[in-house]
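The values are calculated or read from the model by the stated rules, or taken from the named source; none is laboratory data. Note that the coordinates shown come from a computational prediction; the quantities given were computed from them, not determined experimentally. Glycine also receives a Cβ, built like all others from the backbone with ideal geometry; neighbour counts cover every protein chain displayed.
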Amino acid sequence: MTADNDLSKLRIDKERISQRQGKKKRYILLSLTFLLVATLIILYFQGVLKPAVGVQITAVQKIYPAQTFTLLNASGYVVAQRKAAVASKITGRLVFLGVEEGNRVKKGEIIARLENDDVKAAVQRAMADVKVAHFNLEQSQAELDDALLDFNRKKELVGKEIISLSQYDSADARYKKAKAAVAANRASLRATEAALKEAEVLVEYTIIRAPFDAVVLTKDADIGDIVTPIGAAADAKAAVVTIADMDSLQVEVDVSESNIGQVKAGQPCEIQLDALPNDRFRGVVHMIVPTADRSKASILVKVAFIDKDPRILPEMSAKVAFLSRQITADEEKPLTALPSGAVVTRDGKTLAFVVKNNRALETPVHLGRKLDAMVEILNGVEVGDQVVIAPLDKMKNGVKVRVTQE
């Protein structure tokens with residue numbers, strides 16, 4: 001057999017190769033299908049392929065217990081009930097000013113002084129007139145004493161007919177004149193003393209004193225300014241400083257006529273100031289002003305502070321919560337809280353579902369006291385966390401969620 005014949009017998013069985021390749025492709029396809037189905041099943045049970053559950057959420061809040069028994073809220077401003085623009089009763093140039101904004105002053109303390117050299121000179125002149133009147137009175141009194149002695153002697157002698165009647169008459173006349181002179185000098189002394197008092201009052205008018213214990217709010221004049229009670233002259237100042245009694249601070253709020261029935265004198269309140277957002281102040285309704293503002297359909301209510309605080313200043317913006325009852329000592333501090341409906345008990349555990357990355361995560365929480373529709377959260381969640389409030393019956397750990405309403 002030749003080499004050519006051997007080579008001619010060699011050939012490739014394409015049909016068998018094709019069959020083997022077909023079987024191999026089917027095995028690969030089946031394997032891939034099985035892996036895909038298994039992956040889909042795993043992803044489904046893990047919740048990846050499940051549709052997101054529409055949920056309503058709420059935020060974990062820091063609240064004050066009084067918020068749960070608040071009947072009504074109103075806004076207003078801190079107002080000093082005792083406030084004065086301190087001025088002088090006379091016109092003069094300001095030569096001394098001893099206070100500035102923020103200073104505390106006591107009743108009777110000298111705040112400022114006007115130029116008063118002229119009235120001081122008038123006081124000195126009046127004092128001299130008083131001294132002269134005293135001397136004149138003493139002189140006339142001595143003359144009266146002498147005239148009285150002479151009159152008594154002459155009266156005795158005329159009875160014994162030792163002196164003439166005319167001598168007695170002269171002594172009587174001298175005594176009466178001396179007596180009249182004493183009366184006149186006494187009246188003159190009273191007049192000079194009154195003039196002295198008047199001059200001293202004029203001096204006191206130039207000294208501006210605090211009418212009550214207060215804090216200086218504004219300085220309205222400075223040294224060299226002309227101060228006048230009328231204030232009509234050009235560049236003249238009517239007041240030197242404006243002061244307010246900080247113990248008289250109250251919050252004045254407008255309450256709608258339709259809601260005024262929920263407010264009564266002596267009612268407990270909680271006051272929040274915009275300038276001090278982290279603090280709450282106890283208050284009480286001091287007065288419901290017995291008149292309405294027709295333009296706003298509201299009634300003015302004055303709320304007094306129970307606790308004084310030096311940080312509270314006039315004209316600060318304030319919010320007042322009118323409460324249904326008094327705040328207790330353990331209700332004065334804020335606490336972390338959730339609506340009661342956001343908490344569920346399962347298998348003996350108290351849970352909340354916190355939403356993170358579009359998933360509801362089962363989170364154990366420890367509860368404190370119940371506050372109306374809210375409940376205190378001692379630990380487990382933090383302020384600001386977003387928590388599912390409904391529907392809790394569809395919630396499982398890790399379930400995919402989408403927010404439908406906050």
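Answer yes or no: is there a residue in the range 74-94 that is basic (Lys, Arg), surrounded by 14 or more Cβ atoms within 10 Å (Cβ to Cβ) and within 30 Å of Lys264 (Cα to Cα). Yes, there is a match, as at least one residue in the range 74-94 is basic (Lys, Arg), surrounded by 14 or more Cβ atoms within 10 Å (Cβ to Cβ) and within 30 Å of Lys264 (Cα to Cα). Any residue at all in the range 303-314 that is surrounded by fewer than 16 Cβ atoms within 10 Å (Cβ to Cβ) and more than 30 Å from Ala84 (Cβ to Cβ)? No, that holds for no residue.
Among residues of the range 256-281 being within 11 Å of the chain's Cα centre (by Cα) and surrounded by 14 or more Cβ atoms within 10 Å (Cβ to Cβ), the one that is modelled with the lowest pLDDT is Arg280. How many residues does the range 333-363 contain that are part of a helix (DSSP H, G or I) and in contact with a helix residue (DSSP H, G or I) (Cβ under 9 Å, 6 or more places away or on another chain)? Total meeting the criteria: 2.
Every test in (1) more than 15 Å from Lys131 (Cα to Cα); (2) in a helix (DSSP H, G or I) is passed by Ile162 save one, and that test is (2). Residues that are among the aromatic types (Phe, Trp, Tyr), part of a helix (DSSP H, G or I) and within 60 Å of the chain's Cα centre (by Cα) occur at least once in the range 202-209. Cβ separations smaller than 6 Å between residues 6+ apart or across chains give the following pairs from the range 165-181 residues that are more than 13 Å from Leu148 (Cβ to Cβ) to residues that are hydrophobic (A, V, I, L, M, F, W, C) and part of a helix (DSSP H, G or I): Tyr168/Val158. Here Gln124 meets each of (1) touching a helix residue (DSSP H, G or I) at 6+ places or on another chain (Cβ under 8 Å); (2) over 30 Å from Asp213 (Cβ atoms) with one exception, condition (1). When Val320 is tested against (1) on the phi < 0 side of the Ramachandran plot; (2) at pLDDT below 90, only condition (2) is not met. Considering (1) at pLDDT below 95; (2) farther than 25 Å from Pro211 by Cβ, the lone condition that Gly76 does not fulfil carries the number (1).
Only a single criterion out of (1) farther than 22 Å from Arg209 by Cα; (2) of a type outside the set (Phe, Trp, Tyr); (3) assigned by TED's automatic domain parsing to the domain that holds Pro211 is not satisfied by Leu137, namely (3).
Just one of the listed residues (Glu161, Glu198) is more than 23 Å from Gln141 (Cα to Cα), touching a residue at least 24 places away in the same chain (Cβ under 8 Å) and surrounded by fewer than 16 Cβ atoms within 10 Å (Cβ to Cβ), namely Glu198.
Would you confirm, using the coordinates I've provided, whether Gly108 is at positive phi, surrounded by fewer than 17 Cβ atoms within 10 Å (Cβ to Cβ) and modelled with pLDDT of 90 or more? Criteria met by Gly108. Flag: Asp225 matches the condition of being surrounded by fewer than 20 Cβ atoms within 10 Å (Cβ to Cβ) and not assigned by TED's automatic domain parsing to the domain that holds Leu300. Can you spot a residue in the range 148-155 that is assigned to a helix (DSSP H, G or I) and either touching a strand residue (DSSP E or B) at 6+ places or on another chain (Cβ under 7 Å) or under 30 Å from Ser88 (Cα atoms) (or both)? No, because not a single residue in the range 148-155 is assigned to a helix (DSSP H, G or I) and either touching a strand residue (DSSP E or B) at 6+ places or on another chain (Cβ under 7 Å) or under 30 Å from Ser88 (Cα atoms) (or both).
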